[in-house]
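What follows is a set of notes on a single structure, which appears directly below.
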Amino acid sequence: MAPGIEAPPRSSNGGSVRPDSHFSDDGVSRKSKVTIVGSGNWGSVAAKLIASNAARLSSFHDEVRMWVFEETLPTGEKLTDVINLNNENVKYLPGIKLGKNVIADPDLENAVKDANMLVFVTPHQFVEGICKRLVGKIRKEVEAISLIKGMEMKKEGPCMISSLISQELGINCCVLMGANIANEIAVEKFSEATVGYRENMREIAEKWVQLFSTPYFVVSPVQDVEGVEMCGTLKNVVALAAGFVDGLEMGNNTKAAIMRIGLREMRMISKLLFSSVRDSTFFESCGVADLITTCLGGRNRKVAAAFAKHGGKRSFDELEAEMLQGQKLQGVSTAKEMYEVLSHRGWLELFPLFASVHEICIGHLSPSAIVEYSERRPNFSVINGQAQ
């Protein structure tokens with residue numbers, strides 16, 4: 001093995017994981033090739049960031065492939081054809097050039113076949129099906145990163161998306177989360193993000209940092225995959241609560257209180273489910289900063305505000321279809337999944353804000369109940385001090 005390169009650690013399923021994917025099996029340096037699995041709003045912004053660095057840095061192959069779920073536009077044209085012709089995702093990121101080295105590909109297997117760095121950025125509900133399609137179709141030395149904010153529910157409990165990708169494909173998976181409203185990054189407004197990595201994987205984390213970082217998008221690595229990913233997942237539930245407050249015009253004091261209480265519950269849930277989660281992670285971009293920006297301007301807040309204005313009489317599905325032009329909410333499904341976890345473990349009384357959000361979403365409580373939960377304040381002592 002080349003000097004200075006550590007022996008590859010083992011993945012969660014016992015397979016070999018290479019810490020530096022730009023070395024081939026014979027130790028010869030070669031360029032890393034990137035494929036983006038997903039092409040929505042955030043996926044297209046990720047393509048722009050990655051394409052600029054792939055074209056600039058000698059360690060990456062110029063061409064960046066982006067798997068696109070094929071759609072027919074109102075003009076009758078195929079979305080992939082328009083992206084490749086105009087260098088623009090006219091449906092999900094109109095007006096923004098992605099980079100001439102971005103190639104849209106409607107064939108998932110073809111898009112990933114030569115890649116050794118995979119960027120997953122799809123709605124979390126589709127990840128398991130995508131991974132099953134990719135089993136046996138990817139290179140053995142592939143590294144992955146998830147930009148997906150959500151989780152999958154299993155009988156044994158919640159499964160984080162990075163863990164799902166690792167388990168299904170036998171590869172290492174980092175995560176990237178942060179205060180990242182996609183349209184603002186698309187027009188190059190300054191933003192930060194956090195890459196979460198596992199022990200002994202600092203080298204590949206630095207490579208992801210290199211791939212995403214630009215003067216207007218600053219990325220920092222943190223050794224805490226579960227903490228980073230839980231922050232990115234749970235803040236969408238708190239954003240729904242903030243949206244209810246906005247829709248009912250309850251004011252900034254109330255909204256600030258909801259955000260603080262939500263952050264407290266995020267931290268408690270994360271530490272109860274994953275003992276490795278670090279308190280310091282909640283002060284990174286993926287934590288408090290992402291919570292703030294999502295509660296101020298994210299799509300979950302926006303749709304939840306409309307839901308509250310209509311008194312809960314119009315469903316989230318209806319409002320999503322009307323307001324988001326094909327984009328998907330994550331908060332409603334995440335709230336449901338977390339409610340199931342809390343209910344199964346007997347923790348509902350410990351997390352009244354999270355419980356209330358789900359009950360409002362399904363019509364069991366009115367939107368105004370978001371501030372009524374204080375009557376059933378949790379008894380934190382029953383957690384034995386673990387997450388206080």
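The values are calculated or read from the model by the stated rules, or taken from the named source; none is laboratory data. Just so you know, these numbers come straight off a predicted model, no measurement behind them. For neighbour counting, all protein chains shown are included, and Cβ atoms are generated from backbone atoms with ideal geometry for every residue, glycine included. Quick note on the areas: whole protein, heavy atoms, side chains included, nothing else; ligands and nucleic acids left out. Shrake-Rupley method; radii C 1.70, N 1.55, O 1.52, S 1.80 Å.
Could you list the square roots of 5 times each eigenvalue of the Cα gyration tensor of segment 44-189, that is, the equivalent ellipsoid semi-axes, sorted largest first and rounded to whole Å? It would help to have the intermediate numbers written out before the result.
On the way: eigenvalues 126, 61, 56 Å².
Working from the Cα gyration tensor, I get semi-axes of 25, 17, 17 Å.
PRE reach from Glu184 (point 7 Å along Cα→Cβ): which of segment 263-280 fall under 14 Å by backbone N?
Counting only backbone N, you get no residues.
Give me the orientation-averaged projected area of the Cα convex hull of segment 274-360, in nm², one decimal.
That works out to 6.9 nm², a quarter of the Cα hull's surface.
Ignoring ligands, DNA and RNA, how do Glu71, Glu265 rank by accessible area with a 1.4 Å probe, largest first? It would help to have the intermediate numbers written out before the result.
On the way: Glu71 40, Glu265 5 Å².
Heavy-atom accessible area, descending, gives Glu71, Glu265.
To the nearest Å, what is the center-to-center distance of segment 245-293 and segment 39-65, using C-alpha atoms only?
If you average the Cα positions of each part, the centres end up 31 Å apart.
Using the structure shown, select from Lys100/Lys140; Lys255/Lys309; Lys132/Lys328; Lys149/Lys235 the pairs with a Cα to Cα distance greater than 19 angstrom.
Listed pairs above 19 Å: Lys100/Lys140; Lys132/Lys328.
Enter the mean projected area of the convex hull around the alpha-carbon atoms of segment 95-180, in nm², rounded to one decimal.
Its average projected convex-hull area is 6.9 nm².
Take every Cα-Cα distance within segment 117-245, group them into 5 Å bins from 0 onward, and report for each bin the whole-number percent of pairs it holds.
Histogramming segment 117-245 at 5 Å steps yields 2, 10, 20, 22, 20, 15, 8, 3, 1, 0 percent.
Any chance you could check the Cα centroid distance between segment 297-372 and segment 149-203 for me, in angstrom?
22 Å
Leaving out ligands, DNA and RNA but keeping every protein chain, what accessible area does Asp107 have, in Å² rounded to the nearest 10, with a 1.4 Å probe?
In the full protein context, Asp107 sits at about 80 Å².
Give the carbon-plus-sulfur fraction of the accessible surface of the chain in %, rounded to a whole number; probe 1.4 Å, heavy atoms of protein chains only.
Of the solvent-accessible surface of the chain, carbon and sulfur hold 50 percent.
Accessible area per residue of the chain at 1.4 Å probe, in Å²?
42 Å²
Can you divide the C-alpha Rg of the chain by 2.2 N^0.38 Å and report the result to two decimal places?
So the Cα radius of gyration is 0.98 times the expected 2.2 N^0.38 Å.
For a protection proxy built on the mean count of beta-carbon atoms within 10 angstrom, sort 42-52, 287-297 highest first, please.
Top to bottom by mean Cβ count within 10 Å: 42-52, 287-297.
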